[in-house]
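Right, one structure below, let's go through it.
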Amino acid sequence: MQRAPQPATEFDDAAAAAACRQALELLHAGQGNPQAVIEPVLRARPDFAAAHCLRAAGLVMASREDALPALGATLQTARAHLARASERERAHFAAAQAWLDKDMARSLRLYGEIAAADPKDTLALRVAHFGDLQFGRTEWLRARIVAALRHWHPDEPGYGHMLAMYAFGLAETADPVSADAVGREALRIEPRQCGAVHAVAHALEMQGRSADGAAWLDHTRGVWSDSPAFATHLSWHESLFRLDQGDLGAVLGILDRRLMDCRDPDTATLVDSSALLWRLHLRGQDVSDRWQRVADAWEDRATTGLRPFNDVHAMLAFVATQRWASARRLLDTLRDCARKAPDLRRAVHDAALPVCEAFIAFGRQRYAAAARQLQAQQRLARGCGGSRAQCDLLHLTWLEAALRGHQPALAQRLLGERVASRPQSPFNARLRERVAQALSRPLSRARYTTATQPRSADARRIPAPTRLPAMP
């Protein structure tokens with residue numbers, strides 16, 4: 001349970017260090033409010049560098065333009081007391097300063113270097129892990145944690161948190177069976193580890209095991225349902241399992257009661273709501289009233305381009321509600337951000353912009369153009385700035401564009417990829433029916449040939465080891 005803030009007079013070095021350890025524990029487990037724990041430390045002890053490191057890391061991982069002023073204030077106070085900071089703490093400040101300067105690649109590289117030099121610095125490792133996901137460095141999501149784990153012993157405090165990150169890395173590098181085993185072990189060691197629950201949910205989703213996934217989240221609900229960091233997002237995962245099973249009533253219930261029941265939703269909630277609504281939109285469900293509410297919320301929340309992955313989800317809302325002026329403004333915002341933050345140039349021009357343009361084409365019913373544009377971006381299914389489950393939205397839209405654009409051969413190939421990667425998904429049967437119907441139409445048979453089309457990166461079967469993988 002989170003401890004109430006202490007009076008300022010109680011924060012000697014030992015008490016301040018204990019509060020920082022508690023905040024770090026909450027950060028890793030996804031429980032409570034780490035910032036609320038360290039704020040009284042910072043008020044009482046502005047010279048306590050470890051608290052500034054924690055606050056700075058949290059603001060970096062917020063990945064929002066409106067978090068930058070607070071980050072600047074934190075670093076300014078930290079610099080005023082630099083003499084008390086260790087060399088490693090100063091390295092943390094340098095990494096956070098690079099983020100403030102919008103030199104994001106350097107910032108994440110510096111955090112990674114801190115973790116490489118001290119594999120027990122789980123704060124630096126957590127920020128680097130976050131950066132690997134945001135910038136689509138999929139292999140590093142696993143490799144970075146593997147390198148650190150070589151220096152850990154299973155009996156050490158924090159080992160379960162390390163396994164939770166490792167499990168997520170395994171899932172993102174297409175080893176869901178191992179991810180499942182490691183995630184369950186992480187939760188056994190750390191019974192409040194929401195990240196472990198999350199990693200197992202990813203592992204089950206990747207195999208199309210929606211019944212098992214829904215049961216897993218129901219079984220672990222006591223762990224994650226009150227988590228500020230994970231409750232909404234794991235509700236989204238639960239909705240994906242229910243959607244795969246065709247239980248639209250349950251999906252809409254989750255959407256209304258857990259994702260859209262907040263008057264002022266944060267960006268992460270808007271991302272999850274948009275992603276779920278788009279999946280319903282692809283299935284022909286009328287969710288127009290809900291779309292209007294989500295689009296209004298995106299309009300109220302200024303998009304900055306600082307995390308293009310989020311802005312693409314705003315585009316979904318603008319396309320679904322046909323707010324074409326808002327869509328054009330968002331494209332301009334993304335281009336402007338790419339000019340101001342060179343590290344984002346590739347993410348914007350090679351990913352976000354073409355994907356947004358594909359969604360616009362889809363929304364304007366130019367399905368063949370949308371399919372063509374998404375085919376050019378098929379690599380993003382493994383690294384769009386989000387997880388595989390999130391990036392799967394691109395594959396689903398590509399397949400739907402092929403069906404609506406009278407390209408049944410392409411749809412058949414994409415269906416084959418889904419069946420190979422998610423062999424147990426109940427939704428496969430519905431897709432098979434639609435593809436078979438499309439192929440039966442004589443005028444459509446020769447509309448699209450697959451002879452020269454490359455297979456996407458996920459067109460392979462998932463390996464299925466049967467025991468806990470050896471620890472690195």
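Structure summary
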{"read-out": "Relative contact order, percent, segment 268-370 [alpha-carbon distance under 8 Å, six or more residues apart]", "value": "24"}
{"read-out": "Modelled label reach - Arg430, point 7 Å along Cα→Cβ, segment 279-303 residues with backbone N closer than 12 Å", "value": "279-286"}
{"read-out": "With Cα atoms, 0 to 90° folded angle of helix 87-100 axis to the chain main axis", "value": "40"}
{"read-out": "Prolate/oblate/rounded label for segment 258-377 (Cα gyration tensor, a/c 1.5)", "value": "oblate"}
{"read-out": "Whole-Å semi-axes of the ellipsoid equivalent to segment 210-275 (Cα gyration tensor, √5λ, descending)", "value": "19, 15, 9"}
{"read-out": "Trypsin sites (Lys or Arg not before Pro) within segment 88-192: DSSP coil, no more than 10 neighbouring Cβ in 10 Å", "value": "Arg150"}
{"read-out": "Rounded percent of accessible protein surface that carbon and sulfur make up, segment 170-244, 1.4 Å probe", "value": "49"}
{"read-out": "Principal-axis tilt of helix 308-320 within the chain, Cα atoms, nearest 10 degrees", "value": "40"}
{"read-out": "Protein accessible area in segment 273-379, 1.4 Å probe - carbon and sulfur %", "value": "42"}
{"read-out": "Contact order normalised by residue count of segment 146-279, Cα under 8 Å, 6+ apart, percent", "value": "17"}
{"read-out": "Structure-based [θ]222 nm, the chain - -39500 (n - 2.57) summed over DSSP H runs of at least 4, per residue, nearest 500", "value": "-20500 deg cm²/dmol"}
{"read-out": "Residue (of Gln193, Leu259, Phe241) at the positive-pole extreme of segment 170-261, dipole from beta-carbon charges", "value": "Gln193"}
{"read-out": "Alpha carbon centroid spacing (whole Å) that separates segment 38-62 from segment 210-265", "value": "32"}
{"read-out": "Segment 1-115 - convex hull of the alpha-carbon atoms, volume per residue in Å³", "value": "101"}
{"read-out": "Gyration tensor verdict on segment 155-235 (Cα atoms; rounded if a/c is under 1.5, prolate if a/b is larger than b/c, oblate otherwise)", "value": "oblate"}
{"read-out": "Nearest-0.05 FRET efficiency for Glu156 and Asp336, computed from C-beta distance (R0 41 Å)", "value": "0.35"}
{"read-out": "Percent RCO, i.e. relative contact order, over the chain, from Cα pairs under 8 Å lying at least 6 residues apart", "value": "13"}
{"read-out": "Alpha-carbon centroids, segment 381-442 and segment 312-374: separation in whole Å", "value": "21"}
{"read-out": "Degrees between helix 194-206 axis and first principal axis of the chain (Cα, 0 to 90, nearest 10)", "value": "20"}
{"read-out": "Principal axes of the chain: Cα extent on each, largest first, Å", "value": "80, 51, 40"}
{"read-out": "Share of carbon and sulfur in the accessible heavy-atom surface of segment 1-142 [1.4 Å probe, %]", "value": "55"}
{"read-out": "Fully extended contour minus Cα-Cα distance, from Asp103 to Asp261, at 0.36 nm per residue", "value": "53.2 nm"}
{"read-out": "Per residue accessible area in Å² of the chain, where ligands, DNA and RNA are left out and the probe is 1.4 Å", "value": "42"}
{"read-out": "Overall form of segment 313-404 per C-alpha gyration tensor (a/c, 1.5; a/b vs b/c)", "value": "oblate"}
{"read-out": "Residue (of Ile38, His151, Gly169) at the positive-pole extreme of segment 25-180, dipole from beta-carbon charges", "value": "Ile38"}
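The values are calculated or read from the model by the stated rules, or taken from the named source; none is laboratory data. No experiment lies behind these values; they were computed from the predicted model shown. Please note: Cβ atoms are built from the backbone with ideal geometry, for glycine as well, and neighbour counts cover all protein chains shown. The protein model used for the area step is the full one, side chains on, heavy atoms only, and it has no ligands, DNA or RNA in it. Shrake-Rupley method; radii C 1.70, N 1.55, O 1.52, S 1.80 Å.
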